[in-house]
Amino acid sequence: MEYSEFIANKKLRTKATGREIAASDIHQMLFPFQRDVVAWACRKGRAAIFLDTGLGKTFVQIEWARLMAQRTLIIAPLSVARQTVREASKIGVTVKYVRHQNECDTDICITNYEMLDEFDPSMFGAVVLDESSILKSLDGKTRRKLIDMFQSTPYRLACTATPAPNDQSEIGNHAQFLGIMSMQEMLASFFIHANKVDERALNDGTGRSVKTKQSGDKGQEWRLKNHARDAFYRWMSSWSISLRKPSDLGYDDNGYILPALNVKPLFIDVDYVPQDQLFFTGMRGIQDRHAIRSKTLAERVATAAEIVNNSDDQWIVWCGLNDEGDALESALTDCRQVQGSDAPEVKAQAIEDFQDGKYRVLITKPKIAGFGMNFQNAHNMIFVGMSDSWESYYQCIRREWRFGQRHEVNAYIVLSELEREIYTNVMQKEAMARGMGDELIARVQKYEWEELNMEAQDKDDYNPITVTGESFTAMRGDSSERLSEIATGSVHLSVYSPPFADLYTYSNSDRDLGNSKDWPEFFSHYAFIIRELLRVTKPGRLTCVHTADIPAMAVKDGYIGMKDFPGAVIEAYEAEGWTFVGRAIVGKNPQAQAIRTKAKALLFTQLAKDSSHSRPAILDQVLIFKAPGENDTPIQPVKNGEMNNETWIDWASGIWIGISESDTLQFTTARDADDEKHICPLQLGTIERCIKLYSNPGETVLTPFMGIGSEAYQAIRFGRKAIGIELKESYYKIAVKNLREAEQTYQGDDLFSYAAKIAQSDLV
């Protein structure tokens, strides 16, 4: 495969797998923006539609189902299923509610999530998940069942107004269901493990890290990489569309203006203190919450009854406990309670009756009627109790607060004073979610226009340049390409530290070796560089590659442990024709490493607690490879005055002690504003040993990953010529500065009289 083809295939864009639909074939009762979304989703074949409530998500998914396959299964919350059947009839489409495969005798069938086991996925050409945010809240077994059941279904659609109510990582559930990318791949491509929250660990301005919990995972915190934001949202836009209003796609918002929303919290003073407290000091967990909610039941119900019974309007009364529902049913007039224990048909009929105005007050729980329902017949609601779920609260609010609602919506929240922190927490989550939504819309919108209009173009600001000095050549660009400019057999030694696979991504560029979704892609990319290094290296000469083991994490790798990155590099080099000749281990201080990396496995406290979770420090390894053939110019460090017997005994031990971890070039100004953390240049002492051992003065030393110029700097310092290649512009600029300073410090009229220059610089 040519390198240009590899880079094109590496781009994280989702190829269309659907079909082109003529605009005339889409139902004309749909609004123009809805028809655009339908056409786009049909073209994609496997897509997600994140339309805010009231934008016609139901009509869009029904029309998609009609156009995409002869047999489609829609899966929805039970309360939504019957409403979908009714909505479909408005545009002349037949959708049948079914509970078993044997009942599927129409092109479009709908069932509820609880009935999954009754269906054979192979019988359907398309599947729709309505209220697909349920993917993130279901237990791991059910989530896995949805993904596994429909992994072979040709066409898949996921629809919800709240795709990521808590954090961006929840997008991974949608991508995995659609077959776009696994959760592990997404985390590896766009997220970074966060040990703590700090100023540089911001998540969309919220200051929150992402906590994901998968099956077999104790829970790990992840956050979107700062410099991966645009790439993440561009990737999202290649398989999903997000809209809050028609104008997001350039259409008129007429008819899509939300009325005023009046949220009215009511905090009731109650005389209650937990038995083991002298005075109330705050809720300390689930038990306290349940106890407080139970003890304040009468006061909260009485407050709600006074408000609702003194009104002639229709009301939705949201509760969370069966006791609350029963007490409310006794206290309210002209009401009906819909419970989870009711038969499905009873629930559906009771909800339809409320929508038709046959009774005044609906009492129910968010998990029963909080998703997908349209209750524009009412404009008043009251929460008699509240959970910590912002998504549940928001979805309940949007049952009445919808486009087309002709009245202001009033939402009362009745809590005891002891539960004020719950309300505060939900409001904080709302602010965070709104901020995340704003960024999602703002960042994705420009890409969605490209997708909708089939005008997506991959823009590349790649701009190779070269700067030269008396003793160095600094190339900005892609090593896989720019190595081709170096003459065959012209390099005497290579010294470099490559990106450590998927441990850290330095930039958004697909040309960045570190910007790989997994190890196979990384090493496929790396092979181009290893192959070119072999070509430019003189026969019998060496390359020194700095490596280390890499921690494995449960979410990304499926286990907690270490990955043998040095071993994988050895295999990659040998596959391209190099000979592995040895390695040097660089000693590390485990205490300093524990402080720097926050690795619990290195802490003495972990050793005392359970040493099965402890490990030694991760040591640097310098791998040494030789190019085939015979060296025609002996390397003579003893003759050149760079080595004596005592030093050789020390260095030849294979364990390099005494290399200071802080002995690096200045790098602070090389960091971009969106870089995740400080750059970690290779220690100058390690580079010095490689150069003195394996090259002569005046020879050419190459580094294909120059960074801020550490290897090239040392090459100049010790009288060699340097060639460096660096892709990242901010690093490249600092590298050139460092190399010019090296020439000024260590070079004079005679390039190769370096010993005197070193001595002179030491005096200065």
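The table below lists the values:
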{"item": "Condition check for Val581: in a loop (DSSP other than H, G, I, E, B) and either surrounded by fewer than 15 Cβ atoms within 10 Å (Cβ to Cβ) or at positive phi (or both)", "result": "no"}
{"item": "Candidate set: the stretch 462-477, residues that are within 38 Å of the chain's Cα centre (by Cα) and surrounded by 22 or more Cβ atoms within 10 Å (Cβ to Cβ); chosen: the one farthest from Ala527 (Cα to Cα)", "result": "Ala474"}
{"item": "Among (1) modelled with pLDDT under 75; (2) among the aliphatic types (A, V, I, L, M); (3) on the phi < 0 side of the Ramachandran plot, the one test that Ile465 misses", "result": "(1)"}
{"item": "Which numbered condition Asp518 misses (of (1) out of contact with any helix residue (DSSP H, G or I) (no Cβ under 7 Å at 6 or more places or on another chain); (2) in contact (Cβ under 8 Å) with a residue 12 or more places away in the chain; (3) under 30 Å from Ala617 (Cβ atoms))", "result": "(1)"}
{"item": "First in the stretch 567-578 and not assigned by TED's automatic domain parsing to the domain that holds His546, second anywhere and surrounded by fewer than 13 Cβ atoms within 10 Å (Cβ to Cβ) and part of a helix (DSSP H, G or I), Cβ under 9 Å, 6 or more apart", "result": "none"}
{"item": "Filtered residues of the stretch 505-532 (kept if among the aromatic types (Phe, Trp, Tyr), over 13 Å from Ala568 (Cα atoms) and either under 23 Å from the mean Cα position of the chain (by Cα) or not assigned by TED's automatic domain parsing to the domain that holds Lys626 (or both))", "result": "Tyr506"}
{"item": "Cβ pairs under 9 Å, 6+ apart, first in the stretch 542-553 and free of Cβ contacts under 8 Å to residues at least 24 places away in the same chain, second of a type outside the set (Val, Ile, Thr)", "result": "Ala552/Gly558; Ala552/Tyr559; Ala552/Gly561; Ala552/Met562; Ala552/Lys563"}
{"item": "Qualifying positions in the stretch 620-639 - surrounded by 16 or more Cβ atoms within 10 Å (Cβ to Cβ) and in a loop (DSSP other than H, G, I, E, B)", "result": "Ala627, Ile635, Pro637"}
{"item": "Failed condition for Gln349, given (1) under 19 Å from Asn377 (Cβ atoms); (2) touching a residue at least 12 places away in the same chain (Cβ under 8 Å)", "result": "(2)"}
{"item": "Residue within the stretch 597-606 that is part of a loop (DSSP other than H, G, I, E, B) and either touching a Ser or Thr at 6+ places or on another chain (Cβ under 7 Å) or of a type in the set (A, V, I, L, M, F, W, C) (or both) present", "result": "yes"}
{"item": "Lone qualifier among Phe354, Phe383, Phe375 - being touching a Cys at 6+ places or on another chain (Cβ under 8 Å) and at pLDDT 90 or above", "result": "Phe383"}
{"item": "Residues located in the stretch 599-623, provided they are modelled with pLDDT of 75 or more and not hydrophobic (A, V, I, L, M, F, W, C)", "result": "Thr605, Gln606, Lys609, Asp610, Ser611, Ser612, His613, Ser614, Arg615, Pro616, Asp620, Gln621"}
{"item": "Selection within the stretch 72-92 - more than 29 Å from Gln339 (Cβ to Cβ) and at pLDDT 95 or above", "result": "Thr72"}
{"item": "Condition met for Gln83 (in a loop (DSSP other than H, G, I, E, B) and polar (S, T, N, Q))", "result": "no"}
{"item": "So Glu63, is it on the phi < 0 side of the Ramachandran plot and outside the structural domain of Phe177 (by TED's automatic domain parsing)", "result": "no"}
{"item": "Hey, Gly372 among the small types (Gly, Ala, Ser), farther than 19 Å from Val301 by Cβ and assigned by TED's automatic domain parsing to the domain that holds Val317 or not", "result": "yes"}
{"item": "Residue match in the stretch 308-322 (condition: part of a loop (DSSP other than H, G, I, E, B) and under 14 Å from Ile413 (Cα atoms))", "result": "yes"}
{"item": "Any strands (runs of 3 or more DSSP E) falling wholly within the stretch 116-223 and containing at least 3 residues that are closer than 19 Å to Glu391 by Cβ, touching a His at 6+ places or on another chain (Cβ under 9 Å) and modelled with pLDDT under 85", "result": "none"}
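For every residue, the table says whether it meets (1) within 29 Å of the chain's Cα centre (by Cα); (2) free of Cβ contacts under 8 Å to residues at least 40 places away in the same chain; (3) not assigned by TED's automatic domain parsing to the domain that holds Tyr155.
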position	(1), (2), (3)
Leu30	no, no, no
Asp36	yes, no, no
Arg46	yes, no, no
Gly56	yes, yes, no
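The values are calculated or read from the model by the stated rules, or taken from the named source; none is laboratory data. Remember, it's a predicted structure, so these values are computed and weren't measured experimentally. Using ideal geometry, Cβ is built from the backbone for each residue, glycine included, and neighbour counts are taken over all protein chains shown.
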